[in-house]
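Input: a single structure, listed below in structure tokens.
Derivation of every value follows stated rules applied to the coordinates shown; laboratory data play no part. All values reported here derive from a predicted model rather than from experimental measurement. Backbone-built Cβ (ideal geometry, glycine too); neighbour counts: all protein chains shown.
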Amino acid sequence: MQKVIHKIQLLKNRLRLEDIYNIMMIFIILIILGLSIFASFRSINPIQLNSIYQISQQSNYADTQEMALLLLNQEKINVGQYLKLMLALQMEQKRAKQLPAISIESHS
């Protein structure tokens with residue numbers, strides 16, 4: 001028992017306040033990462049499902065429409081997949097704005 005108490009006292013003497021803060025920060029970061037991973041595997045809510053349905057019905061962004069149709073065919077859609085769809089939609093909208101204008105000569 002004395003050896004255990006002695007080891008704890010040695011460990012306590014070696015720890016500085018900065019080390020304790022670092023351990024606390026790592027612990028907080030791990031909690032945040034764990035909660036975000038847990039949240040990304042939850043099922044989507046009805047509003048998000050409606051959003052996927054609307055994207056699947058539009059024809060302006062074909063790649064995103066196809067991705068939404070694939071998601072609707074799944075039995076369960078998680079939040080991570082929904083966020084990937086929203087990111088793809090945003091990227092496709094951005095890409096569509098950056099396309100050059102079509103000239104009449106190249107179209108004929």
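As I understand it, the dipole of region 1-94 uses +1 on the Cβ of Lys and Arg and -1 on the Cβ of Asp and Glu, about the Cα centre. Which of Ile77, Leu49, Gln2 lies farthest toward its positive end?
The residue sitting farthest along the positive end of the dipole is Gln2.
Counting Lys and Arg as +1 and Asp and Glu as -1, what is the net charge of the other residues whose Cβ lies under 13 Å from the Cβ of Leu85? If you can, show how the numbers build up before the last one.
Values: positive: Lys84; negative: Asp63, Glu66, Glu92.
Summing Lys/Arg as +1 and Asp/Glu as -1 gives -2.
So the label point goes 7 Å from the Cα of Ile28 along Cα→C-beta, right? Which residues of region 1-20 then have their backbone N under 19 Å from it?
Within reach of a label on Ile28, which here means backbone N under 19 Å from a point 7 Å along Cα→Cβ, region 1-20 contributes 16-20.
Give me the one-decimal Kirkwood hydrodynamic radius in Å for region 1-98, with the sum taken over alpha-carbon pairs. Intermediate values should be presented prior to the final figure.
Numbers: mean 1/r = 0.0578 Å⁻¹.
For region 1-98, the Kirkwood estimate is 17.3 Å.
Treat every Asp and Glu Cβ in the chain as -1 and every Lys and Arg Cβ as +1, leave all other atoms uncharged, and give the resulting dipole magnitude about the Cα centre to the nearest 20 debye.
Working: 11 positive and 7 negative charges, 182 e Å.
Magnitude of the dipole: close to 880 debye.
Give the Rg/Rh ratio for region 22-69, taking Rg as the radius of gyration of the Cα atoms and Rh as the Kirkwood radius, to two decimals.
Working: Rg = 17.3 Å, Rh = 13.2 Å.
On the Cα set of region 22-69, Rg over Rh gives 1.30.
Using only alpha carbons, build the gyration tensor for region 52-98 and give me the equivalent ellipsoid semi-axes, biggest first, whole Å. Spell out each step's value before the answer.
Numbers: eigenvalues 72, 28, 8 Å².
Each semi-axis is √(5λ); the values are 19, 12, 6 Å.
Given the rule -39500 (n - 2.57) for each run of at least 4 DSSP H residues, summed and divided by the residues of the chain, what is its mean residue ellipticity at 222 nm, to the nearest 500 deg cm²/dmol? Please report the intermediate quantities before stating the final value.
On the way: 6 runs with 84 residues, N = 108.
That calculation yields -25000 deg cm²/dmol at 222 nm.
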